Each structure stands twice: as C-alpha cells, then as structure tokens.
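A short write-up of the structure that comes next.
The values are calculated or read from the model by the stated rules, or taken from the named source; none is laboratory data. Here the structure is a predicted model, which means the values were calculated and not measured. A quick note on method: Cβ atoms are made from the backbone with ideal geometry, for glycine too, and the neighbour counts reach across all protein chains shown. Protein only, heavy atoms only, side chains kept; ligands, DNA and RNA dropped before computing areas. Shrake-Rupley method; radii C 1.70, N 1.55, O 1.52, S 1.80 Å.
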Amino acid sequence: MGRKDKRWILQRKRDFYYKLAKKLKYRSRASFKLMQLNEKFNVIKPGKIVLDLGCAPGGWMQVAREIVGDKGFVIGIDLQPVKPFEYDNVVAIKGDFTLEENLNKIRELIPNEEKKVDVVISDASPNISGFWDIDHARSIDLVTTALQIATEMLKERGNFVAKVFYGDMIDDYVNLVKKYFEKVYITKPQASRKESAEVYVIAKRYTGKKWEEEDKIKRIKKVEDEGNDELLAKKIKEMRKLKSKK
Ligand SMILES: C[S@@+](CC[C@H](N)C(=O)[O-])C[C@H]1O[C@@H](n2cnc3c(N)ncnc32)[C@H](O)[C@@H]1O
C-alpha cells in the first residue's frame, strides 16, 4: 500500500459520518446527506415511488426505503453492481442511465400503470479528471441528463434532487431546472465535506412541462466517452463562447 493510499484510509477512518454509517449499517456515508436533505426539504414521503440515478453502493436507497416504508417502492440504477436488498420493494439494476434502453428497463419495474415515479434523486458523480473545469462540465452534463429523465419519469408535482459540482455554469443549470419545477433551492447538507465542491439542487413540484430538446447540453458527451480531457477542455471553451454570444 502506498503512502497516499494510507493517508486516504486514515482520513476516511477519522471521518465521523463514515464511522456512523458503519455503525448503523448504512452502505455509505452519503446516506446522511439524503437524510439531512429530506429533513429540511421533505422531498420523499411515506408510500411514494423513488428513482435513484447513480445509486451504488445503495446508501441513498436504504434511506429512501426507510422513508417510503412497506407501501412505497425504490428503484436504483448504477454502472456498478449493487448488492441486493433484504426488501421486496427495493430493486437496483446495473446500467448507464444516460442510455434510453436502460430507462425502458426502469419503466418496466415501476409498479403502476402510468409508469411514473414520485421522486427522482441523483447523487451520480462523473469520472473525476482532477481538472476543476472539466469535472464541473461533466457534472453539469450528467445532471442535465438527470433533469431530462426527471421530466420524463415524474408524476406532475413530483420532486427532484441532484448533486452538482459547483462552478460557473451552475446558475444556468438552476435556471433550467426552474423552467420545469415550481420551487428550486441549492443547498449543502452538513454531512457533505466542506472542502468538497458538491452542492445539491432541490426541485419541488414538477409542473408537467415537457422536456425541450434544445435544453440538453449534448456536446460534451461524445468527447467524454473517448476520455480525451484536452479535447473536452477545448469543447467546453467553445461552448462558453457560444453562450456568451447569445
Ligand atoms: C457518489 S456515488 C453514489 C452514492 C450513493 N448515493 C449511495 O448513497 O450509496 C456516485 C455513483 O454514480 C454512478 N454513476 C455515474 N455516472 C453514471 C451513469 N451514467 N449511469 C449510472 N450510474 C452512474 C457511479 O457509478 C457511482 O456509483
């Protein structure tokens, strides 16, 4: 084990929420973030159907299940496999939520005829390059897709929660969310490390407005897939130039 690895492990061990998660048998320290967000904003309620985008290892799903209880339902999707849960009304599938074929798999699991959910939550993180600009842009790309999915999957008046890495495109993103929801807030729960750039967007009461294709920030995706950070940085610059000309 290298020195860096050791330092990382030590830091985690010292972490209060990491220890608490272990003690209370939550799969991740992130569980406490959703608990705190829900205490403040009341986005998930008993009996509701919740869709979790980027759910592994399943800490948010455990908390969602605690809130929705026996009568609710929790569906998760992640690129990584998720260990099965001990409840019948909690299921996770392995896959990329940005692909339509996987959204169809999710629809099949939704236990109602209209195939709609009450809440969409996303704690998804993009691959971290270590370059602030790139990670922020990737995060905006991912949460924009999550927002699109929310508009397609939510019942009217449903709620949406998404993690975003803070940066200069956040205001545009919040304005975009405001087009589709009655109330939008940005917050950072106590369980989120101060030094991390993450914030959470809370959107309440989906208006039912259909997704407008022009709202998708698409350009990044292909380059990201190729894993070419230099090209991606160039694309982001072009994107900003275009925006400032508008
Ligand atoms: C911080 S973790 C989520 C932790 C989770 N909320 C919990 O409490 O256990 C972020 C997850 O997002 C997933 N992710 C990122 N992009 C994704 C995508 N396009 N499709 C599915 N999952 C994705 C990653 O695989 C990772 O497991």
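With respect to the conditions (1) part of a strand (DSSP E or B); (2) over 17 Å from the mean Cα position of the chain (by Cα), Ile77 falls short on a single one, namely (2). When the test is whether a residue is more than 8 Å from the ligand (Cβ to nearest atom), in contact with a Pro (Cβ under 9 Å, 6 or more places away or on another chain) and within 17 Å of Ala150 (Cα to Cα), Phe73 passes it. If the condition is being free of Cβ contacts under 8 Å to residues at least 24 places away in the same chain and aromatic (Phe, Trp, Tyr), then region 52-103 contributes only Tyr87.
Residue pairs whose Cβ atoms lie under 6 Å apart, sitting 6 or more positions apart in sequence or on different chains, and linking a residue in region 197-210 that is at negative phi to a partner that is of a type in the set (S, T, N, Q), are Glu198/Ser192; Tyr200/Thr187; Lys204/Asn159. Within region 105-114, the set of residues being free of Cβ contacts under 8 Å to residues at least 60 places away in the same chain, open to solvent by 70 Å² or more (accessible area, probe 1.4 Å) and of a type outside the set (Asp, Glu) comprises Lys105 only. Taking the criterion of being open to solvent by 10 Å² or more (accessible area, probe 1.4 Å) and either modelled with pLDDT under 95 or more than 6 Å from the ligand (Cβ to nearest atom) (or both), the residues of region 44-63 that qualify are Lys45, Pro46, Gly47, Lys48, Ile49, Gln62.
Does any residue of region 230-239 turn out to be modelled with pLDDT under 65, over 17 Å from the mean Cα position of the chain (by Cα) and either open to solvent by less than 100 Å² (accessible area, probe 1.4 Å) or not charged (D, E, K, R) (or both)? Within region 230-239, one or more residues are modelled with pLDDT under 65, over 17 Å from the mean Cα position of the chain (by Cα) and either open to solvent by less than 100 Å² (accessible area, probe 1.4 Å) or not charged (D, E, K, R) (or both).
Remark: Ser129 matches the filter, which requires a residue to be touching a residue at least 24 places away in the same chain (Cβ under 8 Å), surrounded by 12 or more Cβ atoms within 10 Å (Cβ to Cβ), among the hydroxyl-bearing types (Ser, Thr, Tyr) and more than 22 Å from Arg205 (Cβ to Cβ). Can you confirm whether region 76-96 contains a residue that is crowded, with 16+ Cβ neighbours inside 10 Å, touching a Leu at 6+ places or on another chain (Cβ under 7 Å), at pLDDT 95 or above and of a type in the set (Phe, Trp, Tyr)? No, region 76-96 has no match at all. Of all residues in region 87-109, exactly one satisfies the criterion of being farther than 19 Å from Leu34 by Cβ, outside any helix (DSSP H, G or I) and away from the ligand (no atom under 13 Å from the Cβ), namely Asp88.
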